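The values are calculated or read from the model by the stated rules, or taken from the named source; none is laboratory data. Owing to the predicted nature of the structure, the values given are computational and were not obtained by experimental measurement. Positions of Cβ are generated from backbone atoms using ideal geometry, with glycine treated the same way; all protein chains shown enter the neighbour counts. Side chains included, ligands, DNA and RNA excluded: accessible areas come from the protein's heavy atoms. Shrake-Rupley method; radii C 1.70, N 1.55, O 1.52, S 1.80 Å.
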Amino acid sequence: MIKVGKSGCALVLLILFGATCFSAPLARLDSVSLAMVKQKIHGGTASERTRTAYKQLLENAEQLLTMENPTVMDKSIIPPSGNKHDYLSIGRYWWPNPDTSNGMPWVRKDGETNPDTQTGAVDRNRLSDMTNGVENLSLAYYFSEDERYAHKAISILKTWFLDEETLMNPHLEFAQSIPGNPEGRPFGVLDGRAIASLIPNAIDMLSDSQHWTTQDDLKMTRWLTSYLTWLTESDLGKEEGEQENNHGSWYRFQVASLAHYLGNKPLIKKMVELAQQSLDRQLNNKGGQIHELERTRSFFYSCFNLDALTNIAAFGDEVGMDMWHFESDEGKSLALAINYLTSVISGEDWQHPSHRGVDLSYLVPILARASVRTKSKEFSNFLTQAINELVKKEKVAGLQNKVLQELSLRSNLTF
């Protein structure tokens, strides 16, 4: 047991062997930890935070039952292909050009979201509504075993992926497009991380439902296989895979996640190897992430990139590759990158651009993942300190931290 500060909270990292869990380890959710949380909820031993998070989960699921299923067919801007089944989004940091009469071509303002890129005219928000809705409903079904939640989640999946009249075609040729620039952009592949992160998990949780059929499973496997093929064989997919910042990391995560779901171990190994090789190009000698530190939201993007890299390392565990302790010939490693960020936990100033400030919430999931996978006391101590700081801020603000709430349900952490 690891104590969290003087508040009397406790952080417990336990592994429950022999618990009922899914047929395969989950990409971003740990099936054993979920099973233990479920036991605590139904056994009346869950923490107050977990009980509160569970109640909120069910309240959200109830609201989602009446939500209209999102579909790419509802956008008002037609993709260059002329096919509304093709996903379309606009780069969030792009704005009309102030130096031209028609505003074309749009120009980039890093870290400044253009609200016009987030409207219902394109598909970005609908993709988020779909993946978040499916995740919430599938978790609610897993914990409660209420078939209503499974039925709605499966309905949403069918609308987005399977029904011929409403489905999204399995590619991202027109994601994060820029008005005035007719060329496809590899950076739009990043939008697909929500699919690779959440949908395989959801299908695993929904697979026991009476509403999920063998035919649904076959169709979903076909869609995900087609998307994986596009990622690995299309020009845009290949170009995204060559990026040396968070885009490249999230590309490799997507491929590894889908390969994991589809049982392609050689492809998982390839992605882990590429991620390991990328460390020399991504990190400086102190562990700072060269490309992320240049961003206006440098702490966020450093954590964002490490989120991808540590999830890839978790996939490495499944195929006998220890990326957690890998060190390149130049001495670059995940530990070096993580430790570069941990100085802020003790109150040291972040010496890089920090638009919107430094939020430890971004770092906690990375430390939680690393501490469990490596059994590192150092990472566990940093995690303890970070959680303690967030708990203090909760008390001052009078609001519960969303990341801590999610961790209390999705991992075997109690505090």
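Could you check how many residues of region 388-406 are under 18 Å from the mean Cα position of the chain (by Cα) and open to solvent by less than 20 Å² (accessible area, probe 1.4 Å)?
We begin by selecting, within region 388-406, every residue under 18 Å from the mean Cα position of the chain (by Cα); these are 401-406.
Keeping just the survivors that are open to solvent by less than 20 Å² (accessible area, probe 1.4 Å) gives 404.
Selection size over region 388-406: 1.
A quick yes/no check of all residues on (1) touching a strand residue (DSSP E or B) at 6+ places or on another chain (Cβ under 9 Å); (2) aromatic (Phe, Trp, Tyr); (3) at pLDDT below 95; (4) not in a loop (DSSP other than H, G, I, E, B):
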residue	(1), (2), (3), (4)
Ala19	no, no, yes, no
Ala24	no, no, yes, no
Leu34	no, no, yes, yes
Ile41	no, no, no, yes
Leu57	no, no, no, yes
Those residues that are under 23 Å from Ile41 (Cβ atoms), in a helix (DSSP H, G or I) and in contact with a Leu (Cβ under 9 Å, 6 or more places away or on another chain), I need them from region 388-404; list them, please.
Leu390, Val391, Glu394, Val403, Leu404
Residue in region 71-82 that is exposed (fewer than 15 other Cβ atoms within 10 Å of the Cβ), of a type in the set (S, T, N, Q) and not in a loop (DSSP other than H, G, I, E, B) present
no
Residues that are assigned to a strand (DSSP E or B) and among the aliphatic types (A, V, I, L, M), drawn from region 178-226
Ile178
In region 202-240, how many residues are more than 27 Å from Asp30 (Cβ to Cβ) and touching a Ser or Thr at 6+ places or on another chain (Cβ under 8 Å)?
1
I need the full set of residues from region 288-342 which are open to solvent by 10 Å² or more (accessible area, probe 1.4 Å), closer than 20 Å to Asn381 by Cβ and either among the hydrophobic types (A, V, I, L, M, F, W, C) or in a helix (DSSP H, G or I) (or both), in order please.
Trp324, Ala335, Leu336, Asn339, Tyr340
Of the conditions (1) in contact with a helix residue (DSSP H, G or I) (Cβ under 6 Å, 6 or more places away or on another chain); (2) open to solvent by 30 Å² or more (accessible area, probe 1.4 Å); (3) of a type in the set (D, E, K, R), Asp123 clears all except one; give me its number.
(2)
Given the conditions (1) modelled with pLDDT of 95 or more; (2) open to solvent by 20 Å² or more (accessible area, probe 1.4 Å); (3) not in a helix (DSSP H, G or I), which single one is not true for Asn132?
(3)
Filter region 231-252 down to the residues that are open to solvent by less than 50 Å² (accessible area, probe 1.4 Å), over 17 Å from Lys270 (Cβ atoms) and assigned to a helix (DSSP H, G or I) and list them by number.
Leu236, Asn246, His247
Look through region 68-116, keep the residues that are in contact (Cβ under 8 Å) with a residue 12 or more places away in the chain and among the β-branched types (Val, Ile, Thr), and return whichever of them is farthest from Phe187 (Cα to Cα).
Thr71
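Quick one: in region 343-355, which of the residues that are part of a loop (DSSP other than H, G, I, E, B) and touching a residue at least 12 places away in the same chain (Cβ under 8 Å) is surrounded by the fewest Cβ atoms within 10 Å (Cβ to Cβ)?
In the first step, residues of region 343-355 are kept if they are part of a loop (DSSP other than H, G, I, E, B); the result is 347-353, 355.
Now narrow it down to the ones that are touching a residue at least 12 places away in the same chain (Cβ under 8 Å): 350, 352-353, 355.
On the way: Trp350: 15, His352: 18, Pro353: 15, His355: 13.
Going through the qualifying residues, I end up with His355.
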When you go through (1) closer than 30 Å to Pro80 by Cβ; (2) touching a residue at least 12 places away in the same chain (Cβ under 8 Å); (3) open to solvent by 20 Å² or more (accessible area, probe 1.4 Å) one by one for Ser197, which number turns out not to apply?
(3)
Kindly indicate whether Gln385 is touching a helix residue (DSSP H, G or I) at 6+ places or on another chain (Cβ under 6 Å), open to solvent by 60 Å² or more (accessible area, probe 1.4 Å) and among the polar types (S, T, N, Q).
yes
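May I ask you to list the residues in region 97-116 that are charged (D, E, K, R) and within 30 Å of Gly357 (Cβ to Cβ)?
Start the filter on region 97-116 by keeping residues that are charged (D, E, K, R), which leaves 99, 108-110, 112, 116.
Scanning region 97-116 gives Arg108, Lys109, Asp110, Glu112, Asp116.
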Given the conditions (1) touching an Asp or Glu at 6+ places or on another chain (Cβ under 7 Å); (2) open to solvent by 30 Å² or more (accessible area, probe 1.4 Å), report the number of the one that Gln277 does not fulfil.
(1)
Test result for Val364, open to solvent by less than 50 Å² (accessible area, probe 1.4 Å) and either under 25 Å from Tyr261 (Cα atoms) or of a type in the set (A, V, I, L, M) (or both)
yes
Which one is farthest from Asp307 (Cα to Cα), of the residues in region 253-266 that are touching a residue at least 60 places away in the same chain (Cβ under 8 Å) and surrounded by fewer than 24 Cβ atoms within 10 Å (Cβ to Cβ)?
Tyr261
Out of the residues in region 83-98 that are over 30 Å from Glu164 (Cβ atoms) and assigned to a strand (DSSP E or B), which is least open to solvent (accessible area, probe 1.4 Å)?
Trp94
With the condition kept exactly as written, say whether any residue in region 172-190 is farther than 30 Å from Gly43 by Cα, open to solvent by less than 10 Å² (accessible area, probe 1.4 Å) and within 17 Å of the chain's Cα centre (by Cα).
yes
